[in-house]
Amino acid sequence: MRIGVLAIQGDVREHILHTEKAGAEALPVRMARDLDNTQGLIIPGGESTTIGMLMAEYGIIDAIKERAADGRYPIYGTCAGMILLADKVVGLSPARLALMDMAVSRNAYGRQIASFEVNLSIDVLGAEPFPAVFIRAPKIVQWGSSITPLAWYEKELVMAESGPYLISSFHPEMSPDVRIHQYFLEKVRQAAALVDAS
Ligand code: GLN
């Protein structure tokens, strides 16, 4: 199983290392053709306007959307990656994939608490809390019935999934815990099994 990590901005190396620790091969994706050998994609955090603009310029938005059209190409978007998966963005909105029925608001935790770390309880990962690092994180301000909530922080939804797509408003690659990457790999395995069976 091979996972692409979008390598335009952000913690590309950390996502590759976490994915490898979680049990799959990982490779950087810089151009549309790099997607060819991947069964899933991670979009790291960074600045969503910049990442979206370069993705559009390199033809990666269209290439991913084509691949995602049959609903069997799992994508995990963290922070800016989550913004790129949302079909609505409040205010200045970047070019993006718009594959999930939710609205997000950028940099929404306010200046004083622009970055913070909390231990989150995430049922699908088991009893042990997950150390979550938030950096100028977006908030999910509205979502449709296709979205399944997976974790909350002070009444804010901070992790969710919808079919093959997974998002978190925090950065899982900044702590040594690889359970979210493992959870994503399980989604990729399931999608690959569907592809094999068809
Ligand atoms: N604030 C960034 C944006 O709006 C996201 C921050 C991040 O990815 N850590 O794109």
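A single member of Glu161, Glu117 is closer than 28 Å to Asp70 by Cα, more than 11 Å from the ligand (Cβ to nearest atom) and in contact with a helix residue (DSSP H, G or I) (Cβ under 9 Å, 6 or more places away or on another chain), and it is Glu161. Looking at Ala98, Ala132, just one residue is modelled with pLDDT of 95 or more and either touching a His at 6+ places or on another chain (Cβ under 6 Å) or over 19 Å from Pro164 (Cα atoms) (or both), and that residue is Ala132. Here Thr78 meets each of (1) of a type in the set (S, T, N, Q); (2) more than 26 Å from Ala192 (Cβ to Cβ); (3) surrounded by 15 or more Cβ atoms within 10 Å (Cβ to Cβ) with one exception, condition (2).
If the condition is being more than 15 Å from the ligand (Cβ to nearest atom), charged (D, E, K, R) and either outside any loop (DSSP other than H, G, I, E, B) or under 20 Å from Met31 (Cβ atoms) (or both), then region 70-91 contributes only Asp87.
Per the conditions (1) near the ligand (Cβ under 10 Å from one of its atoms); (2) surrounded by 19 or more Cβ atoms within 10 Å (Cβ to Cβ), the sole criterion not satisfied by Ala108 is (2). Tell me, which residue of region 21-69 that is among the polar types (S, T, N, Q) and within 16 Å of the ligand (Cβ to nearest atom) is nearest to Val133 (Cα to Cα)? Across region 21-69, the extreme among qualifying residues is Ser48. For the condition surrounded by fewer than 20 Cβ atoms within 10 Å (Cβ to Cβ), under 20 Å from Ile83 (Cβ atoms) and touching a Ser or Thr at 6+ places or on another chain (Cβ under 7 Å), Val158 does not qualify. Only one of these conditions is not met by Leu99: (1) within 15 Å of Ile8 (Cβ to Cβ); (2) in contact with a Leu (Cβ under 9 Å, 6 or more places away or on another chain); (3) not charged (D, E, K, R). Which number is it? All conditions are met except number (1).
The values are calculated or read from the model by the stated rules, or taken from the named source; none is laboratory data. Computed from a prediction, not measured in an experiment: that's the story for all the values here. Neighbour counts run over all protein chains shown; Cβ positions are idealised from the backbone, glycine included.
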